[in-house]
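Below: one structure, written as structure tokens.
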Amino acid sequence: MSQSEYTTAQATALTNHDRKPIHLPGSIQPHGVLLALSTQLEIVQVSNNTQAYLGKEPEDLLGQPLSYLLDARQVETVKQCLVKKIGSANTFKVSINTLHCECYFDAIAHRTEEAVILELEPTNSESQVSFLSFHSLAGEAIAKMQSTSNLIEFLHLVAEEVQKIIGFDRVMVYQFDQSGAGSVVAEVKREDLSPYLGLHYPATDIPAQARELYTRCFLRFIPDLTAEPIKLVPRENLTTHQHLDLSYCLLRSFDSCCTEYHQNMGVKALLVISIVQGQKLWGLISCHHQIPKHISYEVRKICEFLGQIVSSELAHKISYSEWDYKVKLKSLQSEFLESISQADNFIDALIKPEIRLLDLVSASGAAVCLDNEITLVGTTPNLNEVRALIEWADTQVSDNLFSTDSLPKLYPKALIFKDTASGLLLLRISKVRRYYILWFRPEVLQTIHWAGNPKESIQAQADGSLTLSPRKSFEQWQQTVRLTSLPWKACELDSAIALNNAIVGIVLSKADELAKINLELERSNQELASFAYAASHDLKEPLRGIYNFSTVLLEDYGRVLDDEGIECLQTVVSLSVRMETLINALLRLSQLGQAQLRLQATDLNQLLTEVIEVFRASRQDFQLVDIRIPRPLPTVLCDRVLVNEVFSNLLGNAFKYNDKVEQWVEIGYLDQGAGGDEGDEGDEGDGGAGGAGSRAKRGNFSFSPLPPAPCPSASPHAQFPIPNLESPIFYVRDNGIGIPLHHLETIFRLFKRLHSQEKYGGGAGAGLAIVRKIVELHNGQIWVESTVGVGSMFYFTLE
């Protein structure tokens, strides 16, 4: 049977076994008597051994009030159970007269959902164990256990002291792992017995249903595993017609599988004490004896009390053993979070220095994912493997914190990088954005020593079903475990959660700061726009006066001025015209800053036709330009007047900055998610630089294609945010003079010109700044790709 087949079979067998109601056995062990009482304290069920202990047949007791057996004081003590929580017991001594003698019993009473259960165990005396006697038995053991801070030494002392009290052949401390399997971590035994210390036991040995009972009932005692169980009479409660719930019963009988399992180990008597941490079963103090052995109820109560002391002390011992490590993690957290809160760059703060992010959870590698940007730190899978892992986590991991020490078992693709990432700790920082931190641990081969071959516990029946069957041998059996890393400790998970909480706090703090800054910037921008509008508007009047008076001087007084004076006046006129152009541009830009968009569905084909007609009517030489539109433009929601201005500026520049004999301009758009292939614009496209080859044939010209640039991220020269590819990406392309690489980022600045006023018709250098402002008002972006001497291609979006 392969490991995967064994795991499946184990799960099936465990499920079948867990369906067995071991808390409803319908019988008890023979070393005591059980009476089930109604809420009126009438006897409704009894164990079928009352004649031996009480001198009365079951039929004589059924239907009788409890006062038939006990005196009024004792009945009142039992009655108090009715107001206690389920499972909480009252214990007291009783004496019952039989035909032959007066018999003494330890009485233990508790209530269930439907009944009150009274258990009677024979004892030699009616006197209670005094506090001093109790203290002498337990006090020395407690003092010794509290004397050490070392966890392993503490657990050994526990086993040692329990063995002194009960005198069993073997006492072990057994610890569970997360899967329900466990191992012996401390042992005291008779010298001639084989050691079990360090051996592992599969989860099938103590199934979930049994572990749950150990969590509720802290002590289990079986003095004779060979004894026949005593059935209850009647088998079911006559009122509820259900089996009696014996979860909290000390006398509850045991399953045949339990008997066979322990007899295969040579055990005849068994005492088990629960160790509970944080309401979870941490482990058991398991005591074995080779022959039947009875322990008085008082001694068992001392053992139960010691178990509770052990549970309490264990938390301190574990904490002490992990204290140094926790202090180190806390120190790292404090230093880390302080640097993050003060950093301008979030990713740099996380990954520099690299060792700090890794030490935070003792990982060998990490990946920081902020949407599509992934940064790798330390020893990790490659970028594509991490990206695929995040895709898997998006659909399979719902918690903000997820950890596993065996990633390949959950995510089979992790087999190829098991050497670097068999362990994964994943922290989801945001549920809105894809923000993750992933930590990795490498595969660590482990050799596990089992008490016998665990696969022998699963037996296939004739009908094909799988059942649990106790192993025949408990000789050491080795297994090499692969595809696992060192497990993630609770304090490491806490460290990751603390980092997440701190990041959220820092982000919220930064968001508040940014909100205040944005508010202040918005106010400043409004004031600046108002000032620019007022200044540009008010400057036009004195400028107009300078222009007019200079013109008058030239016309009326030109005769009395020498050539130098006339030249000076002509310069004043020229500069005033230039100044008015600049002021008009500034005024237009300030108007745009305060403009409200008038959005409407706009047919860009009609709009572009209007723009071209205006150019052809106003400029005779524009007739020679070849205007190319590869396919009809879409209808978009935009401000028609402002988008008209965008196309006017871009077409005007394409015509102005072109020194070719045969000039052309192409206007088109890229399909959604067109990637780097403009050929998607029609069936003619054949790839390359935007399908230029096919359009070259239709336009009857040859053209050296530009580098493809479907979105800003493709540009090696300028960094722009990636546009929303759900909106079309429009472009205006020409075969003009082109733009040098070092100017690609600066041409959109206000009043930025790349040439002197005498070249290419002059201008204010504001056209592209106005275009960018209009595009940004539409929540779009604009960028350019260009090759000097070949041409330029402007892209923009309107979202």
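How would you rank 784-791, 262-269, highest first, on the average number of other Cβ atoms within 10 Å across their residues?
Per-residue Cβ counts within 10 Å, averaged per peptide and sorted highest first, yield 784-791, 262-269.
Using amide H atoms built 1.01 Å from N in the peptide plane, name the residues 5+ places from HIS200, or on other chains, whose amide H lies under 5 Å from its own.
Under 5 Å from the amide H of HIS200 lie the amide H atoms of HIS449, TRP450, ALA451, each far enough along the sequence or on another chain.
Please give the Cα centre distance for the stretch 257-316 versus the stretch 188-256, rounded to the nearest Å.
11 Å
May I ask you to compute the full-extension gain from ASP359 to VAL75, defined as 0.36 nm times their residue separation minus their alpha-carbon distance, rounded to one decimal in nm? It would help to have the intermediate numbers written out before the result.
On the way: separation 284, 0.36 × 284 = 102.24 nm, distance 6.34 nm.
Value of the extension gain: 95.9 nm.
Between GLN290 and GLN178, 0.36 nm times their residue separation minus their Cα-Cα distance comes to what?
37.2 nm
Modelled label-to-label distance, GLN51 and SER95, 7 Å Cα→beta-carbon offset: nm?
The answer from the label model is 2.7 nm.
If R₀ is 22 angstrom, what is the calculated FRET efficiency for the pair THR551 and VAL641, using the beta carbon separation as r and rounding to 0.05?
Working: r = 33 Å, r/R0 = 1.52.
Efficiency at R0 = 22 Å is approximately 0.10.
Which whole-Hz ³J(HN,Hα) couplings does the stretch 207-218 yield from phi under the Karplus relation 6.51 cos²θ - 1.76 cosθ + 1.60, θ = phi - 60°, glycine and proline marked x?
After applying 6.51 cos²θ - 1.76 cosθ + 1.60, I find x, 4, 5, 5, 5, 5, 5, 5, 6, 8, 10, 7 Hz.
I want the local charge near ARG170. Using Cβ-Cβ distances under 14 Å, sum +1 for each Lys or Arg and -1 for each Asp or Glu among the other residues.
Spelling it out: positives minus negatives among the neighbours equals 0.
Return the sequence-ordered ³J(HN,Hα) values of the stretch 284-291 in whole Hz as given by the Karplus equation 6.51 cos²θ - 1.76 cosθ + 1.60 applied to θ = phi - 60°, using x for Gly and Pro.
Working through the residues one at a time gives 9, 9, 9, 10, 10, 9, 6, 10 Hz.
If you take every residue apart from SER183 with its C-beta less than 13 Å away from the C-beta of SER183, what net charge results, scoring Lys and Arg +1 and Asp and Glu -1? Before the final figure, lay out the partial values.
On the way: positive: none; negative: ASP177, GLU187, ASP205.
My count for the surroundings of SER183 gives -3.
Provide the packing ranking of 432-442, 357-367, i.e. peptides ordered by the mean count of other C-beta atoms within 10 Å per residue, highest first.
Ranked by mean Cβ neighbours within 10 Å, highest first: 357-367, 432-442.
Can you give the FRET efficiency for ASP494 and GLN606, using 1/(1 + (r/R0)^6), R0 = 60 Å, r = Cβ-Cβ distance, to the nearest 0.05?
0.40
Assuming 0.36 nm per residue, please report the length gained on full extension of the stretch LEU624 to SER247 beyond their Cα-Cα distance.
Value of the extension gain: 125.9 nm.
For the stretch 224-241, what does the Karplus curve 6.51 cos²θ - 1.76 cosθ + 1.60, with θ = phi - 60°, yield as ³J(HN,Hα) per residue in whole Hz, taken in order and with x for Gly and Pro?
Working through the residues one at a time gives 8, 6, 8, 6, 7, x, 9, 6, 8, 10, x, 5, 10, 5, 5, 8, 8, 6 Hz.
Using mean Cβ contacts within 10 Å as the protection proxy, how do 156-168, 236-248 order, highest first?
156-168, 236-248
Each reported figure results from applying straightforward, stated rules to the coordinates on display, with no laboratory input. Only a predicted model underlies this, so the values are computations on that prediction, with no experimental measurement involved. Here Cβ is always computed from backbone atoms with ideal geometry, including for glycine, and neighbour counts include all displayed protein chains.
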